[in-house]
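**Q** If you scroll down you'll find the structure; I have some questions about it.
The values are calculated or read from the model by the stated rules, or taken from the named source; none is laboratory data. Quick caveat: nothing in here was measured; it's all calculated off a predicted structure. For neighbour counting, all protein chains shown are included, and Cβ atoms are generated from backbone atoms with ideal geometry for every residue, glycine included. Ligands, DNA and RNA are stripped out before the accessible areas are found, and what is left, the full protein with its side chains, is counted by its heavy atoms. Shrake-Rupley method; radii C 1.70, N 1.55, O 1.52, S 1.80 Å.
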Amino acid sequence: MMNSETSWIRRGNVTERSERPISASGAKTFKVAFDLEAEGADWPPVSVERLWGEKTDVRFEIRVLNTPFFVRGIAFGDLIAVRPDHERRELVYESFTAESGNSTVRIIFMRNGDRRVIENGLREAGCSWESISEFANLVAVDIPADIDYRKLRKWLLAKVESQDIELQESAVSAVHRGQLPHFP
């Protein structure tokens with residue numbers, strides 16, 4: 001497993017690296033380290049993923065400001081508790097506090113899939129996504145709480161069936177689970 005990190009931010013279809021993004025609320029932003037456990041021989045391909053977050057009014061609570069690629073159970077806008085790790089000189093994820101209502105899915109584009117078709121479908125559905133050149137065929141998709149996930153999921157599963165993509169539902173919010181009567 002590589003000992004690398006991810007710490008990028010992307011909304012829509014433009015990748016952008018930022019030393020310190022500006023929060024929509026104007027709050028100071030911070031990187032938060034999420035230590036990842038190996039799920040298999042090659043997954044995840046990093047041992048730490050760093051996400052941007054902004055402070056809330058609660059001590060050591062952060063609102064996540066981007067969509068994770070490898071961290072499971074976290075979506076854009078979720079609230080998390082962090083702890084300072086003085087040895088590493090960074091904030092480290094401690095626990096989940098509250099969900100935003102958004103969901104996160106990961107898509108891997110397969111060779112026979114038309115990426116533009118998938119991205120256009122995501123855009124039309126009201127989703128945004130993040131990508132990075134190190135993992136060119138992978139996107140982390142933010143599904144806002146107000147999206148009809150049943151309809152979007154049906155479309156995504158058809159793309160999986162046609163072998164255009166692989167799909168991982170990383171963090172499905174209670175709002176979106178409520179739209180799916182037989183969600184696993």
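**Q** Evaluate the relative contact order of the chain (contact order divided by residue number), counting alpha-carbon pairs under 8 angstrom at least 6 apart; express in whole percent.
**A** Details: 396 pairs, mean separation 36.3, N = 184.
The value is 20 percent.
**Q** I want to verify a result. In a Gaussian network model of the chain, Cα cutoff 10 Å, which of these has the top mean-square fluctuation: 102, 66, 137?
**A** Sorting by GNM fluctuation, first place goes to 137.
**Q** Something else now. Below 17 Å, Cα to Cα, which aspartates and glutamates can residue 151 reach? Residues fewer than 8 away in the same chain don't count.
**A** Straight-line reach from residue 151, under 17 Å: 119, 124, 142, 161, 169.
**Q** Quick check on the stretch 58-107: what are the equivalent-ellipsoid semi-axes from the Cα gyration tensor, as sqrt(5λ), descending, whole Å? Let's see the in-between values first.
**A** Working: eigenvalues 86, 35, 11 Å².
Sorted largest first and rounded, they come to 21, 13, 7 Å.
**Q** Also, quick follow-up: Can you list which of the chymotrypsin sites (Phe, Trp or Tyr not before Pro) found in the stretch 52-119 are DSSP loop residues with at most 16 other C-beta atoms within 10 Å?
**A** Details: sites: 52, 60, 69, 70, 76, 93, 96, 109; in loops: 60, 69, 70, 76.
Sparse-neighbourhood loop chymotrypsin sites (Phe, Trp or Tyr not before Pro): 60.
**Q** What percentages make up the Cα-Cα pair-distance distribution of the stretch 39-184 when the bins are 10 Å wide from 0?
**A** All Cα pairs, binned at 10 Å, distribute as 11, 39, 34, 13, 3 percent.
**Q** Right, something else. Give me the distance in nm between label points sitting 7 Å out from Cα along the Cα-to-Cβ direction at residue 132 and residue 85, one decimal.
**A** Spacing of the two 7 Å Cα→Cβ label points: 1.6 nm.
**Q** How tilted is helix 115-125 with respect to the longest principal axis of the chain? Cα atoms for both, answer in degrees (0 to 90, nearest 10).
**A** The two axes meet at around 80 degrees.
**Q** Moving to a separate point now. If you line up the long axis of helix 149-161 against the longest principal axis of the chain, both from Cα atoms, how many degrees apart are they, to the nearest 10?
**A** So the helix axis and the longest Cα principal axis differ by about 70 degrees.
**Q** Given the rule -39500 (n - 2.57) for each run of at least 4 DSSP H residues, summed and divided by the residues of the chain, what is its mean residue ellipticity at 222 nm, to the nearest 500 deg cm²/dmol? Before the final figure, lay out each step's value.
**A** Values: 3 runs with 28 residues, N = 184.
Helix-only estimate at 222 nm: -4500 deg cm²/dmol.
**Q** So which lysines pass the test for residue 28, namely a Cα distance under 27 Å, with those fewer than 8 places away in the same chain ruled out?
**A** Excluding near neighbours in sequence, the set is 55.
**Q** Let me ask you something else. Which distance in nm do the two modelled labels at residue 95 and residue 47 give, with both placed 7 Å along the Cα-to-Cβ direction?
**A** 2.7
**Q** Which value in nm describes the separation of the simple spin-label points at residue 114 and residue 158, placed 7 Å from the Cα toward the beta carbon?
**A** Rounded to a tenth, the inter-label distance reads 1.4 nm.
**Q** At a 1.4 Å probe radius, which order do 99, 90, 37 fall into by accessible area, largest first?
**A** Details: 99 80, 90 40, 37 155 Å².
Largest accessible area first, the list is 37, 99, 90.
**Q** OK, next. Using a Gaussian network model of the chain with C-alpha springs under 10 Å, which one of 173, 131, 95 is most mobile by mean-square fluctuation?
**A** With Cα springs under 10 Å in the chain, the top fluctuation among 173, 131, 95 is at 95.
**Q** Considering only protein heavy atoms and a probe of 1.4 Å, how much of the accessible area of the chain is carbon and sulfur, as a whole percent? Numbers along the way, then the final one.
**A** Working: 4950 of 10040 Å².
About 49 percent, which is the carbon plus sulfur part of the accessible surface.
**Q** Quick query: amide H of residue 170 versus all other amide H atoms, modeled in the peptide plane; which residues come in under 5 Å with a sequence gap of 5 or more or a different chain?
**A** Excluding prolines and chain starts, which carry no amide H, the hits are 104, 105, 106.
**Q** Then there's this: Probe of 1.4 angstrom, ligands and nucleic acids ignored: what's the accessible area per residue over the chain, in square angstrom?
**A** Details: 10040 Å² over 184 residues.
Here the residues of the chain average 55 Å² of exposed surface.
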